[in-house]
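Single-structure report; data block below.
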Amino acid sequence: MKSMTGYGEAAAQGRSVKVVVQVRTLNHRHLDLQPRLPREYLMLEEEIRKRVRERISRGRVELFVTRSQVRGPERRLEMNERLLGQYLQSFRRIKSRYGLMGEIDVSLLAGLPDLFHLVEPEAREGEEGVLVLKALNKALGNLDRSREREGRQLMLDVAAQARRLGAIAAELSKEAGKIGIRIKESLVQKEGAEPPAAGTPGNGLTFKGEIHEETVRLRTHIAELNRLVKKRSAMGKRIEFLLQEIIRELNTVSSKAPQLPVIQLVVAGKEHVEMIREQAQNIE
């Protein structure tokens, strides 16, 4: 069992570049991947998405890739000389036309827009692509371990709630047996006949107020829930579906047999279902 919340980080360094990948996951009904990549790595986005989908089935995934130069060519400052010539020509024309005094000072150039710009060193596509994917795989591995640690705590809590649900279902089965006996006794008194013997066609009839079938289905769903909790796969959606089925059976039981002991057991069962539902929202 894995939690949908977790964090993983890893770095990979080449001859001139260091790449850091950070991955954070949050609760979400479906897979929602939000990559943040430097423009040099935009060509890797589809491969990054593919690798994330192979490891994560649902949840919001925030993925950040940062790139830093460690050696080799540094960023350099370049000046647009053609644009500078146009600025100087304009200044001279203004000075001549309006009879302005003074010389053009170098300090004036610093405030001219678009005259200077920083040039980043070219990315080595093949080498850096390998670094990004290497760091990504390590970060996803670290993320998995983080999610599994939290998932173990979720599993213990869900398993405990499922055991309590199982005990409630067993008590409801006992109540179903008592109800069945009372129904047959009332029929005997009403009809003045002997109760149907075991194995006879009359013994298989279903009467109003009987909840045996519902308790059987309820115990089946709870057994499946216990089995799911022990699986090593994405199970959050399946657990949510089973909880809907369990609630449906509990509602049917309470409507068909509104006796106090049954109602009390149903209410207790619903409380445990809601506790599991809260945890299931965190399960992948």
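The values are calculated or read from the model by the stated rules, or taken from the named source; none is laboratory data. Being a predicted model, the structure only gives us computed values, none of them experimental. Because the Cβ atoms are built from the backbone with ideal geometry, glycine has one as well, and the counts that use them run over all protein chains shown.
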message = If I go through the stretch 224-259 residue by residue, how many of them are assigned to a helix (DSSP H, G or I), touching a residue at least 24 places away in the same chain (Cβ under 8 Å) and small (G, A, S)?
response = 1
note = The residue that is modelled with the lowest pLDDT, considering only those in the stretch 191-211 that are surrounded by 11 or more Cβ atoms within 10 Å (Cβ to Cβ) and over 45 Å from the mean Cα position of the chain (by Cα), is G202
request  = For the stretch 154-185, name all the residues that are among the charged types (D, E, K, R), under 28 Å from the mean Cα position of the chain (by Cα) and more than 17 Å from L243 (Cβ to Cβ).
outcome  = none
inquiry  = Only one of L260, L218 is exposed (fewer than 13 other Cβ atoms within 10 Å of the Cβ) and hydrophobic (A, V, I, L, M, F, W, C). Can you tell me which?
reply    = L260
query = loosely packed, with under 14 Cβ neighbours inside 10 Å and either acidic (D, E) or modelled with pLDDT of 85 or more (or both): does that describe R82?
reply = yes
ask   = Which of (1) without any contact (Cβ under 8 Å) to a residue 60 or more places away in the chain; (2) in the same structural domain as E40 (by TED's automatic domain parsing) is the odd one out, the single condition L108 does not satisfy?
value = (2)
ask   = Taking the stretch 158-190 on its own, how many of its residues are surrounded by fewer than 14 Cβ atoms within 10 Å (Cβ to Cβ) and either in contact with a helix residue (DSSP H, G or I) (Cβ under 6 Å, 6 or more places away or on another chain) or not in a helix (DSSP H, G or I) (or both)?
value = 0
query = In this structure, does E54 turn out to be acidic (D, E) and more than 16 Å from L140 (Cα to Cα)?
reply = no
query = What strands (runs of 3 or more DSSP E) completely inside the stretch 29-139 contain at least 2 residues that are over 22 Å from Q13 (Cβ atoms) and in contact with an Asp or Glu (Cβ under 7 Å, 6 or more places away or on another chain)?
reply = 59-69, 116-119
request  = Within the stretch 1-54, track down each residue that is crowded, with 16+ Cβ neighbours inside 10 Å, under 13 Å from the mean Cα position of the chain (by Cα) and not aliphatic (A, V, I, L, M).
outcome  = K2, S3, T5, G6, R24, T25
key: Residue count, the stretch 25-49 (criterion: under 18 Å from N142 (Cα atoms) and either without any contact (Cβ under 8 Å) to a residue 60 or more places away in the chain or hydrophobic (A, V, I, L, M, F, W, C) (or both))   = 5
